[in-house]
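Taking it in order: structure first as structure tokens, then the write-up.
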Amino acid sequence: MVRNRFRLFSLLVIALLSFSGSLKATKYENSKISLITCTAGSELYSTFGHSALRVKDDSLAMDIVFNFGLFDFNTPNFYLKFIQGKLNYMLGIQNTADFLWQYSYEGRGVYEQELDLSPLQKSELIEKLTFLYKPENRYYLYSFLFKNCTTELRDLLNPYIAFPEGLESENFRDLINSYVKETKWTRAGINLILGSNLDREISLWEGMFLPDKLFDGLKSITKENKLLTKNDEIQPKNTPFLLSPIFFSILILSLLLLSRFFKSLRFIQFAALLFYALLGITLLGIIILTDHIELHSNYNLLWCNPLYALLLGLIPFSTKVARFLRLLIILLMAFSLSSLVIWLNGIQGFLPEYIIIVASQIVMLGGLRAIVNDKILQQ
């Protein structure tokens, strides 16, 4: 029932816009087109906020929001397509009152910036939005950095707005980390899968992939900035240190160091090896499956190495393939240490816990090499 009502509402709006679009541009002299910027929510998908475009015209009894951030959870293989970069997002039309109610219910602030556009510019922009809403045009492949709800609006407004020029003070990775700095596991996971192409210098224009950045870019050139809903300033729950990735990485390193002195704790080395093997296979699988360019050129594969799975599989046959195992262990050590070179030279960003993990890998590999040598001597 709700879906049918939404479709009927959309059809009525498109009919109205199509009729209005055939009129002269002066018809839009009383229209108001505004950028809508929504603050972050408590869910991961809403961490970075949201952008939309409001079109309000009292003479046409029209007050709607064009929203490029819609998708269908019922899409077959939804999560697989999202990982692959093959999930279609779409442009939708919503009643402004309904849109604002949803964000007010979630305690999220909604800011409006009225754009200073001429009647002709308003006419062109509404015609573009109407064209893009057609069933054959409304879908697009989502990209977090380059094609999302905010970049679609930025690109649409570009012919009519004098956007600020220059360079951002932070790169893509730094901007993303500023939103997830308190949720340590989310930050660790995001930085793990993001590639080195996020660590280059970027322009102010590129930085406007984030709603807040687009809002800031328009702040000095819009007619009015006002808050439409109460903003509860939702803060993500801070991860306690004892539950954080850096604590667990320190714990793993400490246990591996102990395992080098107590033979009864050697099982910890094999448990760590299993963990690193699974991590390497998972990261490699994500990179192979995805079309998201944000995940390519990822040097984290040097330490999240799928070769750990090969080492894990060959350990039971260490007496038969001892020479190869020694070579593989040295190679994995070299890979882990080379990741430090990548980080220190600024080729790819890193987190402190990654350094501790690399240290634990060196300790683990040294222990496994000693175990292999012991088995050979026992022959």
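Please work out which residue is nearest to G349 (Cα to Cα), limiting yourself to the stretch 266-277 and to residues that are without any contact (Cβ under 8 Å) to a residue 24 or more places away in the chain and surrounded by fewer than 19 Cβ atoms within 10 Å (Cβ to Cβ). Lay out the reasoning, then the answer.
The initial filter retains those residues of the stretch 266-277 that are without any contact (Cβ under 8 Å) to a residue 24 or more places away in the chain, namely 267-268, 271, 275.
Checking the rest, the ones that are also surrounded by fewer than 19 Cβ atoms within 10 Å (Cβ to Cβ) come to 267, 271, 275.
Details: F267: 32, A271: 28, F275: 23 Å.
Once the filter is applied, the top-ranked residue is F275.
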**Request:** Residues being buried (at least 17 other Cβ atoms within 10 Å of the Cβ) and either in contact with an Asp or Glu (Cβ under 7 Å, 6 or more places away or on another chain) or of a type in the set (V, I, T) (or both): count how many of those fall in the stretch 62-89.
**Result:** 5
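Which of the residues belonging to the stretch 181-203 are more than 21 Å from G346 (Cα to Cα) and surrounded by fewer than 20 Cβ atoms within 10 Å (Cβ to Cβ)? Lay out the reasoning, then the answer.
Going residue by residue through the stretch 181-203, those that are more than 21 Å from G346 (Cα to Cα) are 182-186.
Passing the criteria: E182, T183, W185, T186.
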**Fill in**
Going through the stretch 140-180 in order, the residues found to be within 13 Å of I202 (Cβ to Cβ), in contact with a Lys or Arg (Cβ under 9 Å, 6 or more places away or on another chain) and not in a loop (DSSP other than H, G, I, E, B) are F172, L175, I176
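Residue by residue, here is whether (1) farther than 26 Å from D291 by Cα; (2) at pLDDT 95 or above; (3) buried (at least 19 other Cβ atoms within 10 Å of the Cβ) holds:
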position	(1), (2), (3)
L100	yes, yes, yes
Y105	yes, no, no
R108	yes, no, yes
D116	yes, no, no
E124	yes, no, no
Y133	no, yes, no
S143	no, no, no
C149	no, yes, yes
**Asked** List, please: which pairs have Cβ atoms under 6 Å, are six or more places apart or on different chains, and start with a residue in the stretch 212-225 that is closer than 13 Å to C38 by Cα and end with one that is among the charged types (D, E, K, R)?
**Response** L214/R154
**Asked** Would a scan of the stretch 50-62 turn up a residue that is touching a helix residue (DSSP H, G or I) at 6+ places or on another chain (Cβ under 7 Å) and free of Cβ contacts under 8 Å to residues at least 24 places away in the same chain?
**Response** no
**Prompt:** Restricting attention to the stretch 289-302, does a residue exist that is within 19 Å of I329 (Cα to Cα) and either outside the structural domain of L368 (by TED's automatic domain parsing) or of a type in the set (A, V, I, L, M) (or both)?
**Reply:** yes
**Message:** Among the listed residues L210, L214, identify the single one that is assigned by TED's automatic domain parsing to the domain that holds S143, touching a strand residue (DSSP E or B) at 6+ places or on another chain (Cβ under 7 Å) and either over 28 Å from K184 (Cβ atoms) or buried (at least 16 other Cβ atoms within 10 Å of the Cβ) (or both).
**Reply:** L214
**Asked** List pairs: first in the stretch 231-243 and outside the structural domain of S42 (by TED's automatic domain parsing) and under 13 Å from Y179 (Cα atoms), second surrounded by 11 or more Cβ atoms within 10 Å (Cβ to Cβ) and of a type in the set (K, R), Cβ under 7 Å, 6+ apart or cross-chain?
**Response** I234/R108
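Taking the conditions exactly as written (in the same structural domain as L251 (by TED's automatic domain parsing) and under 30 Å from N197 (Cα atoms)), does G346 satisfy them or not? Steps first, please.
Values: in the same structural domain as L251 (by TED's automatic domain parsing): yes; under 30 Å from N197 (Cα atoms): yes.
For G346, the condition - in the same structural domain as L251 (by TED's automatic domain parsing) and under 30 Å from N197 (Cα atoms) - is met.
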**Request:** Select from the stretch 269-323 the residues that are small (G, A, S) and assigned to a helix (DSSP H, G or I) and write down the one among them that is farthest from G85 (Cα to Cα).
**Result:** A322
**Message:** Can you say whether L301 is at negative phi and either touching a helix residue (DSSP H, G or I) at 6+ places or on another chain (Cβ under 7 Å) or surrounded by fewer than 16 Cβ atoms within 10 Å (Cβ to Cβ) (or both), as far as the supplied structure shows?
**Reply:** yes
**Complete:** Within the stretch 203-226, restricting to residues that are over 19 Å from L167 (Cβ atoms) and in contact with an Asp or Glu (Cβ under 8 Å, 6 or more places away or on another chain), the one that is modelled with the highest pLDDT is K226
**Request:** Go through (1) loosely packed, with under 15 Cβ neighbours inside 10 Å; (2) modelled with pLDDT of 95 or more and name the single condition I250 misses.
**Result:** (1)
**Request:** For the stretch 317-370, enumerate the residues that are surrounded by fewer than 19 Cβ atoms within 10 Å (Cβ to Cβ), free of Cβ contacts under 8 Å to residues at least 40 places away in the same chain and of a type in the set (S, T, Y).
**Result:** S338
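Could you run through the stretch 253-265 and say how many residues are surrounded by 15 or more Cβ atoms within 10 Å (Cβ to Cβ) and part of a loop (DSSP other than H, G, I, E, B)?
First, pick out the residues of the stretch 253-265 that are surrounded by 15 or more Cβ atoms within 10 Å (Cβ to Cβ): 253, 255-257, 259-260, 265.
In the following step, the residues that additionally are part of a loop (DSSP other than H, G, I, E, B) were identified as 260.
Number of matching residues: 1.
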**Message:** Among the residues of the stretch 279-297, are any out of contact with any His (no Cβ under 8 Å at 6 or more places or on another chain), crowded, with 17+ Cβ neighbours inside 10 Å and closer than 20 Å to D374 by Cα?
**Reply:** no
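The values are calculated or read from the model by the stated rules, or taken from the named source; none is laboratory data. Since we're looking at a predicted model, the values are computed, not measured. Here the Cβ is made from the backbone with ideal geometry for all residues, glycine too, and neighbour counts use every protein chain on show.
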